[in-house]
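Undergrad: Can you read through this structure? Questions will come right after.
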Amino acid sequence: MNTKEFRKHIKKHFAPKLHELGFQGTDHHFVKHNNHLIYVLTIQADKHGGSCIMEMGVHLDFLPNSIGEFKSPLQFTAYDCEFRERLNKRSNWLQRLLSVERERGYAYGESEEEAIMAIIEMREIFTHRGISYFSQFNDFPESITTISLDEIKFSSKKLVDLGAPPNLRTALLIARTYEFLSDPRRAKEFASWGLHNIGNASGLSEEFLRIISLSE
């Protein structure tokens, strides 16, 4: 089965569930925008065909995307987001024993029945694991402002669970969030740490300096 046909089945058997949860979209790209949070599910076809993966992303609507562009929330894909997580099919115990990769994509199958079965599995996995992932962000701004510098310094499990970007980008994101919340003191705290630890990421220094200057 090809991607075009598979997406028709996504539209029929998966999209309605996402619409119930407040997402907009049709067959492979779904977005929910609420309380400054952009939640994204992108169902990405494998470049060789025959299977797909589910990519989730979370972003803040007052920030540029991951490459510095400002976009409408409904134009976001998971690849625009700072926070990202892949929602793949997990291998069974025998595949793990045989050292098959721990997470795999979803095969379209050869028939309509196999495609629908794959989509139902995707829907169930999203319902259990995807919704749980997105729920970590629901209490904005606390979901962001409760992240401490120590958690950034030591790459805490919390940041891993959030699918956070590298440490410097996380510090910048939090500094920008405090700037948005009109708290220049806390913004400077995270920006100063970022600037002090800039290393080879000199492209971020200008933004760190700009935020620091706001509190002076």
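Undergrad: Scan (1) more than 19 Å from V58 (Cβ to Cβ); (2) in contact with a helix residue (DSSP H, G or I) (Cβ under 9 Å, 6 or more places away or on another chain); (3) acidic (D, E) for the single condition D161 breaks and write down its number.
TA: The number of the failed condition is (1).
Undergrad: Cβ contacts < 7 Å: first residue on the phi > 0 side of the Ramachandran plot, restricted to the range 38-58; second residue surrounded by fewer than 22 Cβ atoms within 10 Å (Cβ to Cβ), any location; separation 6+ or different chain. Result?
TA: Listed by first residue and then by second, the contacts come to G49/N2; G49/T3; G50/A107.
Undergrad: Which condition number does T146 fail, the rest of (1) free of Cβ contacts under 8 Å to residues at least 60 places away in the same chain; (2) surrounded by 16 or more Cβ atoms within 10 Å (Cβ to Cβ) being met?
TA: Checking T146 against (1) free of Cβ contacts under 8 Å to residues at least 60 places away in the same chain; (2) surrounded by 16 or more Cβ atoms within 10 Å (Cβ to Cβ), the one that fails is (2).
Undergrad: Select, from H33, H59, the only residue that is of a type outside the set (S, T, N, Q), at pLDDT 95 or above, open to solvent by 60 Å² or more (accessible area, probe 1.4 Å) and not in a loop (DSSP other than H, G, I, E, B). Before you say what the answer is, go through the steps one by one.
TA: Working: H59 fails: open to solvent by 60 Å² or more (accessible area, probe 1.4 Å).
After ruling out the rest, the residue left standing is H33.
Undergrad: Follow-up question, since we're still on this one. Would you check if D80 is open to solvent by less than 60 Å² (accessible area, probe 1.4 Å) and either free of Cβ contacts under 8 Å to residues at least 12 places away in the same chain or over 24 Å from E121 (Cβ atoms) (or both)?
TA: Numbers: open to solvent by less than 60 Å² (accessible area, probe 1.4 Å): yes; either free of Cβ contacts under 8 Å to residues at least 12 places away in the same chain or over 24 Å from E121 (Cβ atoms) (or both): yes.
When the stated conditions are applied, D80 passes them.
Undergrad: So, one more: Report, by residue number, each residue of the range 37-56 that is surrounded by 17 or more Cβ atoms within 10 Å (Cβ to Cβ) and farther than 17 Å from I10 by Cβ.
TA: L37, I38, Y39
Undergrad: Working only within the range 202-216, note down all residues that are open to solvent by 70 Å² or more (accessible area, probe 1.4 Å) and either under 16 Å from G68 (Cβ atoms) or not in a loop (DSSP other than H, G, I, E, B) (or both). Please lay out each step first, then the result.
TA: Going through the range 202-216, the residues open to solvent by 70 Å² or more (accessible area, probe 1.4 Å) turn out to be 202-203, 206, 209-210, 214, 216.
Within the range 202-216, S202, G203, E206, L209, R210, L214 meet the criteria.
Undergrad: Here is a check on your reading of the model: is Y178 of a type outside the set (A, V, I, L, M, F, W, C) and free of Cβ contacts under 8 Å to residues at least 60 places away in the same chain?
TA: Details: of a type outside the set (A, V, I, L, M, F, W, C): yes; free of Cβ contacts under 8 Å to residues at least 60 places away in the same chain: yes.
Considered against the rule, which asks whether it is of a type outside the set (A, V, I, L, M, F, W, C) and free of Cβ contacts under 8 Å to residues at least 60 places away in the same chain, Y178 comes out as yes.
Undergrad: Let me ask another. Going by the conditions given, is H13 farther than 27 Å from P141 by Cα and either surrounded by fewer than 18 Cβ atoms within 10 Å (Cβ to Cβ) or among the hydroxyl-bearing types (S, T, Y) (or both)? Reasoning before the result, please.
TA: Values: farther than 27 Å from P141 by Cα: yes; either surrounded by fewer than 18 Cβ atoms within 10 Å (Cβ to Cβ) or among the hydroxyl-bearing types (S, T, Y) (or both): yes.
Spelling it out, H13 is indeed farther than 27 Å from P141 by Cα and either surrounded by fewer than 18 Cβ atoms within 10 Å (Cβ to Cβ) or among the hydroxyl-bearing types (S, T, Y) (or both).
The values are calculated or read from the model by the stated rules, or taken from the named source; none is laboratory data. None of these values were measured; they are calculated from a predicted model. Reconstructed Cβ throughout: ideal geometry from the backbone, glycine too, with neighbour counts over all protein chains shown. Keep in mind that these areas ignore ligands, DNA and RNA; they rest on the heavy atoms of the full protein, side chains included. Shrake-Rupley method; radii C 1.70, N 1.55, O 1.52, S 1.80 Å.
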